[in-house]
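> Sharing a structure with you now.
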Amino acid sequence: PAGPPPPGSGAPYAFSFEFFPARTEAGERALWQAIRRAEPLSPAFVSVTYGAGGSSKARTVEVARRIAAETTLRPVAHLTAVGHSVAELRGIVGRYADAGVRDVLVLRGDPPGNPRGEWTPHPQGLRHAYELVELVRSLGNFTIGVAAFPERHPRSPDWDSDIRHFVAKCRAGADYAITQMFFDVEDYLRLRDRVTAAGCDIPLIPEIMPATGIRQAARFAELSGAVFPAGLARRLEAAGDDRDASYRIGVEHATAMGRRLLAEGAPGLHHITLNRSGAAFDVHHGVLGAGEETLVPPPARAARAVPGPP
Ligand code: FAD
């Protein structure tokens, strides 16, 4: 999925959208409205998250299945090792295959209830994401994505071990990575330099989330461990309860980040939608409006960033 946009989209950059499986009927309607709005834009792929602690297993399979069966979109199904034995993980991967899903974003996951709590693997399960990459690799011809952390994984004691463990996922067979959200482009560029220096050249797709409100932004930054820039926080605070102003500030910041990332040779942008068809789409259109000359990556990077589809 890290390849260029599918023929006919006309977009000068590879972009993708992330959705989560809804828990309620109203949530389900919003999800499908957002998916239907994404479809005519022809993203390279759309991803469906896997609920914390494996709580959304059946819903992730079902949403990915429907995307594969009922839309022209290419679904990427997330999968985590949390709470599953190896036998169960094999079963879920089999259900993805049966559902026509050939792209899996492989993650270790976090402890249910408390992402910062102690990580305990299932007694018959897996401990690290690279082991799940190996498992999925052994089960069929899947395209495999993994997670990368521009501000390093919150549990990594130092950069050396973080990069070493990331490279283990590449060696185990990852085709590309999607980053954790971040708010400073320099963090992405430094991560890319570190990964490249460690001999790994899989595409690192930056994840973009517009911070359209101070409370929401602070909560996401806390959950992801991302540092929220003081300047952006001040602008959002100054906007106070003015939702339109907050929205504009968040979209503007994310759009500027997207443009700069592509100008720096990022292989695409992965937009978190939160199942809404607003901010993420506005950022995408804002990035498109930047004009081709700023968006087309330098040839050397572009050549490296295009692995073929499975
Ligand atoms: P790992 O690569 O296993 O790394 C986790 C930690 O263990 C790191 O500190 C790493 O350095 C360390 N480590 C790795 N290997 C070793 C080793 N051999 N020895 C010692 N230490 C090691 N979570 C969900 O529940 N559902 C989702 O759908 C979901 N989607 C995500 C999408 C993206 C793009 C990202 C970036 C994250 C997503 N997450 C999701 C969150 C993710 O599950 C957590 O961030 C989790 O804590 C780390 O997962 P990982 O795959 O990076 O794990």
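> If ARG215 satisfies all but one of (1) at pLDDT 95 or above; (2) over 19 Å from the mean Cα position of the chain (by Cα), what's the number of the condition it fails?
(1)
> In the stretch 267-280, how many residues are within 14 Å of the ligand (Cβ to nearest atom) and small (Gly, Ala, Ser)?
Within the stretch 267-280, residues that are within 14 Å of the ligand (Cβ to nearest atom) and small (Gly, Ala, Ser) number 1.
> Suppose we keep only residues that are aliphatic (A, V, I, L, M) and over 18 Å from ALA177 (Cβ atoms) within the stretch 96-112. Which one would you say is farthest from the ligand (Cβ to nearest atom)?
First, the residues of the stretch 96-112 that are aliphatic (A, V, I, L, M): 97, 99, 101, 104-107.
From the residues that got through so far, the ones that are over 18 Å from ALA177 (Cβ atoms) too are 97, 99, 101.
Numbers: ALA97: 19, ALA99: 16, VAL101: 14 Å.
Only one residue fits best here, namely ALA97.
> Checking ALA256 against (1) within 15 Å of ALA14 (Cα to Cα); (2) at pLDDT 50 or above; (3) surrounded by fewer than 17 Cβ atoms within 10 Å (Cβ to Cβ), which test does it fail?
Of everything listed in (1) within 15 Å of ALA14 (Cα to Cα); (2) at pLDDT 50 or above; (3) surrounded by fewer than 17 Cβ atoms within 10 Å (Cβ to Cβ), ALA256 misses just condition (1).
Matching residues to (1) among the aliphatic types (A, V, I, L, M); (2) modelled with pLDDT under 95:
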position: PRO21; (1), (2): no, no
position: LEU31; (1), (2): yes, no
position: LEU41; (1), (2): yes, yes
position: ALA44; (1), (2): yes, yes
position: SER47; (1), (2): no, no
position: GLY54; (1), (2): no, yes
position: PRO75; (1), (2): no, no
position: GLY83; (1), (2): no, yes
position: PRO112; (1), (2): no, yes
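> Among the residues of the stretch 57-89 satisfying the criterion of being under 19 Å from VAL136 (Cα atoms) and of a type in the set (Ser, Thr, Tyr), which is surrounded by the fewest Cβ atoms within 10 Å (Cβ to Cβ)?
Among them, the one singled out is SER85.
> Go through the stretch 141-154 residue by residue and tally those that are within 17 Å of ARG190 (Cα to Cα) and more than 7 Å from the ligand (Cβ to nearest atom).
Final tally of qualifying residues: 4.
> Please verify whether ALA87 is among the aliphatic types (A, V, I, L, M), near the ligand (Cβ under 7 Å from one of its atoms) and modelled with pLDDT of 95 or more, treating the condition exactly as stated.
no
> In the list ASP193, ASP187, ASP244, which residue meets the criterion of being at pLDDT 95 or above and closer than 21 Å to VAL287 by Cα?
Numbers: ASP193 fails: closer than 21 Å to VAL287 by Cα; ASP244 fails: at pLDDT 95 or above.
Just a single option satisfies the conditions, and that option is ASP187.
> Still on this structure, I have one more. Anything in the stretch 105-114 that is in contact (Cβ under 8 Å) with a residue 24 or more places away in the chain and either surrounded by fewer than 16 Cβ atoms within 10 Å (Cβ to Cβ) or among the polar types (S, T, N, Q) (or both)? List them, or say none.
Correct list: PRO111, PRO112, GLY113.
> Also, I was wondering about something else. With respect to the numbered conditions (1) away from the ligand (no atom under 16 Å from the Cβ); (2) crowded, with 17+ Cβ neighbours inside 10 Å, which one is the sole condition not fulfilled by GLN216?
Exception for GLN216: condition (2).
> Show the residue pairs that are 6+ apart or on different chains and have beta-carbon atoms under 7 Å apart, the first residue being within the stretch 215-237 and closer than 15 Å to ARG248 by Cα, the second being at pLDDT 85 or above and of a type in the set (S, T, N, Q).
Sorted first by the residue in the stretch 215-237, then by its partner, the pairs are LEU236/SER246.
> On the basis of being within 13 Å of the ligand (Cβ to nearest atom) and among the hydrophobic types (A, V, I, L, M, F, W, C), does ALA68 make the cut?
no
> Can you give me the ranges of the helices (runs of 4 or more DSSP H) entirely in the stretch 20-125 with at least 3 residues that are under 30 Å from ALA168 (Cα atoms) and hydroxyl-bearing (Ser, Thr, Tyr)?
Where helices (runs of 4 or more DSSP H) fall fully within the stretch 20-125, none carries at least 3 residues being under 30 Å from ALA168 (Cα atoms) and hydroxyl-bearing (Ser, Thr, Tyr).
> Given the condition away from the ligand (no atom under 12 Å from the Cβ), more than 29 Å from VAL287 (Cα to Cα) and out of contact with any His (no Cβ under 9 Å at 6 or more places or on another chain), answer yes or no: does some residue in the stretch 48-56 qualify?
no
> Taking the conditions exactly as written (surrounded by 15 or more Cβ atoms within 10 Å (Cβ to Cβ), more than 11 Å from the ligand (Cβ to nearest atom), under 21 Å from the mean Cα position of the chain (by Cα) and closer than 14 Å to HIS84 by Cβ), does VAL136 satisfy them or not?
Judged against the criteria, VAL136 is a match.
> How many residues are surrounded by fewer than 20 Cβ atoms within 10 Å (Cβ to Cβ) and either more than 11 Å from the ligand (Cβ to nearest atom) or under 26 Å from VAL251 (Cα atoms) (or both) if we restrict to the stretch 155-194?
10
The values are calculated or read from the model by the stated rules, or taken from the named source; none is laboratory data. Keep in mind it's a predicted model, so treat the numbers as computed, not measured. Note that we place each Cβ from the backbone using ideal geometry, even for glycine, and neighbour counts take in every protein chain shown.
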